[in-house]
Amino acid sequence: MPVTRDATLDWMKRFAGEMAEHRAELVALDTAIGDGDHGTNMNRGMTKALEKLDGAEQADPGAVLKTVAMALVSSVGGAAGPLYGTLFLQMGGALAGETEVDLPRYAAAWRKGLEGVQARGKAQPGDKTMVDAMTPAVEALEGASDLDSGLQAAVQAAEEGMKATTPLIARKGRASYLGERSKDHQDPGATSTYYLFKTAAEALAG
């Protein structure tokens, strides 16, 4: 089943719902090692994104993701806005003009998004950031034979990557100022990234 505009809209609505539902969890995670605003920022940004999506017609999946990107960049402070904005902008650019997206193109769009996030945040795997959840998930998509199994594998990989951030010492972002004290806390950005893949599987898998 290809990724369509309507399925992408459904994905973004589901992701916004998860950000609202898990706002307090993300705030608690970010309070431990960051500014404490990740959940609030993501909830605000995705609420704004849904308003923008409701207010205009998007022609294709790429246009949906670009609309979300612009809403996040304009409404979210902290690191989350620029990083998630970059992710969706790069993905949207990769899918521009595509009405039905197959697995190779969807995986390639995620790779572009990951590269954008890494270029913007200067983070590598192991730095205790969203990259730790995103990298294995993108690799799972790239290695899959079909979209459904690829999305399921990506969710599992993102979850494992998210959990693997707990013992790490942060090397990027506000959490890196804590040094050793950043250990034993799950990274909030990796957590919201897991929810992004979880909702992708719910919306896009057959």
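Here, each number is a calculation from the coordinates, and none is a lab measurement. Only a predicted model underlies this, so the values are computations on that prediction, with no experimental measurement involved. Don't worry about glycine lacking a Cβ; one is built from the backbone with ideal geometry, like all the others, and counts go over all protein chains shown.
As an equivalent ellipsoid, segment 121-171 spans semi-axes of 23, 11, 6 angstrom, where each value is the square root of five times an eigenvalue of the C-alpha gyration tensor, largest first.
At each listed q (0.16, 0.17 Å⁻¹), what is the log10 of I(q)/I(0) that the Debye formula gives for segment 55-206 modelled as equal alpha-carbon point scatterers? So the normalised log intensities are -0.84, -0.94.
Note: relative contact order over the chain, using C-alpha pairs below 8 Å and six or more positions apart, is 24 percent. Residues of the chain were split at every exposed loop site, defined as GluC sites (Glu not before Pro) in a DSSP loop with at most 16 other C-beta atoms within 10 angstrom, and the longest piece left, sites excluded, is 101-206.
In the chain, helical runs assigned H by DSSP with n ≥ 4 each contribute -39500 (n - 2.57); averaged across all residues and rounded to the nearest 500, the mean residue ellipticity at 222 nm is -23000 deg cm²/dmol.
Listed from fewest to most Cβ neighbours within 10 Å, the set Lys112, Lys163 follows the order Lys163, Lys112. The convex hull drawn around the Cα atoms of segment 20-140, when projected onto a plane and averaged over every direction, covers 7.5 nm².
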